[in-house]
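The values are calculated or read from the model by the stated rules, or taken from the named source; none is laboratory data. This one's a predicted model, so the numbers in the text were calculated from it and none came from an experiment. Cβ placement follows ideal geometry from the backbone for every residue including glycine, while neighbour counts extend to all protein chains displayed. In case anyone asks, the SASA skips ligands and DNA or RNA and just uses the protein heavy atoms, side chains included. Shrake-Rupley method; radii C 1.70, N 1.55, O 1.52, S 1.80 Å.
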Amino acid sequence: MDWFSTPDEPEKKAVPAAPLLVSELSAIISGLLDDPRLQDVRVRGEVTNYKHHGSGHRYFSLSEKGGGSTAAVIKCVMWRSDAERLVFRPEEGMEVVVTGSVTLYAPHGTYQLRVRSMEKAGLGEKYLLLEKWKKELAAEGLFSTERKRELPPFPSRVGVVTSETGAVIHDIRNVITRRYPVEILISPTAVQGEEAHGEIAAAIRRLSGLADVVIVARGGGSFEDLFPFNHPDVVKAIASCPVPVVSATGHEVDVTLADLAADLRAPTPSAAAELVVPDRNALRLQLFELRDLMGSALLGRLAWAKEEISGLRDRLRPRRLAQKIGERQQFTADLAERLERAVSTRLERDHLVLAGMRTALESHNPVAVLARGYCVAEKDGTIVKSTGRLAEKDRLRLRFYDGSSQVIVERVNHDGNI
């Protein structure tokens with residue numbers, strides 16, 4: 001607060017503010033460091049004064065790379081719980097990118113950067129590039145499961161793309177030689193470095209038409225060591241390979257784009273060798289089992305055939321055959337007797353039906369009526385049913401049951417009296 005004197009009042013001196021305690025000043029500074037711009041920041045710099053404390057904590061400083069003696073420096077601390085997640089060992093002069101927050105170390109009255117994660121400088125850009133490649137290659141269908149091919153069951157030649165000086169080729173050769181000896185074609189290449197991706201792709205293409213299956217392999221390594229196997233050139237070379245490709249790059253937890261494009265992924269080079277060739281000992285056991293199964297099946301078939309032959313022999317013996325013939329003759333005789341009875345019964349029934357029909361027909365026979373003394377008069381070929389058609393001197397034909405006669409009408413009575 002400022003004090004001002006007036007002509008009417010005596011001049012007063014300013015009263016100084018009470019001094020702050022060191023802890024109070026530290027609290028103010030700590031409050032200022034709570035600024036969001038100082039929290040969860042990413043800082044790039046060169047590691048100096050690196051110390052790995054026995055407690056597991058890491059202490060170091062970050063300075064601007066190439067800044068010389070005038071370079072800005074900030075002290076850093078990384079607690080053990082965060083340091084345990086490091087995938088590499090920081091070294092003096094290594095350029096890194098850290099993520100953390102600025103805090104105040106009150107006992108020394110200094111600020112420091114509390115680091116929660118650390119990565120080698122440039123890895124962030126490579127991770128972004130990796131994601132970009134992954135999306136582009138997936139859009140082309142190079143990772144599609146539909147294009148995956150089955151491995152040949154009995155290859156005669158195995159192509160191997162790897163370094164010719166590393167332990168990988170020895171492991172693969174030892175496994176194949178032990179399991180199922182076949183010809184191994186080595187297509188040597190560098191497996192790490194800035195230009196390694198071009199050599200790997202060329203090595204894969206060199207095996208085109210020479211092998212039945214191809215192994216692309218290298219031993220374990222860091223993300224940077226395995227980065228060439230993420231390059232689109234390598235992925236496209238694997239996808240366009242005319243034979244199935246097995247990828248075995250890095251350890252089991254490491255997954256590269258080459259692994260995604262390959263027809264099959266193996267956790268290690270030795271495992272890849274086990275996948276591409278069968279185990280001759282297992283094949284031998286399978287052959288023994290098949291031989292035993294075939295032998296058992298053959299013995300069973302022979303036993304069944306023996307029983308069939310024995311049954312046929314029994315059925316074809318003279319006495320047995322005569323018995324069978326007798327049984328058939330008796331059956332045939334019984335059947336003929338039943339058929340004869342059925343036919344006889346049917347004929348009798350049909351005779352009765354026909355007799356009834358004959359009686360009915362005879363009762364309606366006009367000749368039978370004429371035989372009882374009646375006759376039929378016809379005039380001009382037409383039966384006369386009424387006296388209305390008759391006149392004197394008409395010529396009529398009278399039909400009797402045994403013949404006919406011609407008559408002339410003398411008189412016609414219409415009174416109905418006969």
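Scanning the stretch 162-213 for residues that are among the polar types (S, T, N, Q) and part of a helix (DSSP H, G or I), we see that the one that is most open to solvent (accessible area, probe 1.4 Å) is Asn174.
Would you check which residues across the stretch 222-231 are open to solvent by 20 Å² or more (accessible area, probe 1.4 Å) and assigned to a helix (DSSP H, G or I) and list them? Residues satisfying the conditions are Phe223, Glu224, Asp225, Phe227. Exactly one residue out of Leu347, Leu361 is open to solvent by less than 100 Å² (accessible area, probe 1.4 Å) and more than 60 Å from the chain's Cα centre (by Cα): that is Leu347.
Selection within the stretch 105-116: residues that are surrounded by fewer than 15 Cβ atoms within 10 Å (Cβ to Cβ) and of a type in the set (Ser, Thr, Tyr). The member of this set that is farthest from the chain's Cα centre (by Cα) is Thr110. Within the bounds of the stretch 270-292, is there any residue that is within 25 Å of His170 (Cβ to Cβ), charged (D, E, K, R) and more than 28 Å from the chain's Cα centre (by Cα)? Yes: the stretch 270-292 contains one or more residues that are within 25 Å of His170 (Cβ to Cβ), charged (D, E, K, R) and more than 28 Å from the chain's Cα centre (by Cα).
Being in contact with a Leu (Cβ under 9 Å, 6 or more places away or on another chain) and among the basic types (Lys, Arg) is the requirement here; does Lys134 meet it? It is true that Lys134 is in contact with a Leu (Cβ under 9 Å, 6 or more places away or on another chain) and among the basic types (Lys, Arg).
Checking each residue in the stretch 364-385 for being assigned to a helix (DSSP H, G or I) and open to solvent by 70 Å² or more (accessible area, probe 1.4 Å) picks out Pro366, Val367.
Testing Pro153 on (1) free of Cβ contacts under 8 Å to residues at least 40 places away in the same chain; (2) part of a loop (DSSP other than H, G, I, E, B); (3) of a type outside the set (A, V, I, L, M), one condition comes back false. Which one is that? Result: Pro153 passes all but (1). Filtered by the rule that a residue be over 18 Å from Arg284 (Cβ atoms) and touching a helix residue (DSSP H, G or I) at 6+ places or on another chain (Cβ under 7 Å), the stretch 164-184 gives Val168, Asp171, Ile172, Ile184. Criterion first (open to solvent by 30 Å² or more (accessible area, probe 1.4 Å), over 23 Å from Gly221 (Cα atoms) and either modelled with pLDDT under 90 or hydrophobic (A, V, I, L, M, F, W, C) (or both)) does Val77 satisfy it? Criteria not met by Val77. Name the residues in the stretch 123-150 that are assigned to a loop (DSSP other than H, G, I, E, B), touching a residue at least 12 places away in the same chain (Cβ under 8 Å) and not aromatic (Phe, Trp, Tyr), would you? Once the filter is applied, which keeps residues that are assigned to a loop (DSSP other than H, G, I, E, B), touching a residue at least 12 places away in the same chain (Cβ under 8 Å) and not aromatic (Phe, Trp, Tyr), the stretch 123-150 yields Leu142, Lys148, Arg149, Glu150. Among the residues making up the stretch 31-53, those that are at negative phi and in a loop (DSSP other than H, G, I, E, B) are Leu33, Asp34, Asp35, Gln39, His53. Here's a check for you: in the stretch 120-150, which residue that is within 30 Å of Val98 (Cα to Cα) and either of a type in the set (Val, Ile, Thr) or open to solvent by less than 40 Å² (accessible area, probe 1.4 Å) (or both) is modelled with the highest pLDDT? It comes out as Trp133. Picking from Ala258, Ala282, Ala303, which residue would you name as being part of a helix (DSSP H, G or I) and touching a strand residue (DSSP E or B) at 6+ places or on another chain (Cβ under 7 Å)? It is Ala258.
Here Arg85 passes the criteria (1) of a type outside the set (A, V, I, L, M, F, W, C); (2) in contact with a Pro (Cβ under 8 Å, 6 or more places away or on another chain); (3) in a loop (DSSP other than H, G, I, E, B) except the one numbered (2).
Quick grid of which residues meet (1) within 25 Å of Glu224 (Cα to Cα); (2) among the hydroxyl-bearing types (Ser, Thr, Tyr); (3) modelled with pLDDT of 90 or more:
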| position | (1), (2), (3) |
| --- | --- |
| Leu32 | no, no, no |
| Asp35 | no, no, no |
| Thr70 | no, yes, no |
| Val96 | yes, no, no |
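Looking at the stretch 247-265, I want the residues that are closer than 20 Å to Lys126 by Cβ and have a partner that is surrounded by fewer than 24 Cβ atoms within 10 Å (Cβ to Cβ) and aromatic (Phe, Trp, Tyr) with Cβ atoms under 7 Å, at least 6 apart or on another chain. Which pairs are those? Correct list of pairs: Leu257/Trp133; Leu260/Phe143; Ala261/Phe143. With respect to the conditions (1) farther than 17 Å from Thr189 by Cα; (2) open to solvent by less than 40 Å² (accessible area, probe 1.4 Å); (3) in contact with a Pro (Cβ under 6 Å, 6 or more places away or on another chain), Ala248 lacks only one, and its number is (1).
Would you check if there is a residue in the stretch 271-279 being open to solvent by less than 30 Å² (accessible area, probe 1.4 Å) and without any contact (Cβ under 8 Å) to a residue 24 or more places away in the chain? Taking every residue of the stretch 271-279 in turn, at least one turns out to be open to solvent by less than 30 Å² (accessible area, probe 1.4 Å) and without any contact (Cβ under 8 Å) to a residue 24 or more places away in the chain. Would you confirm whether any residue within the stretch 101-113 is under 30 Å from Asn49 (Cβ atoms), in contact with a Gly (Cβ under 6 Å, 6 or more places away or on another chain) and modelled with pLDDT under 95? Yes.
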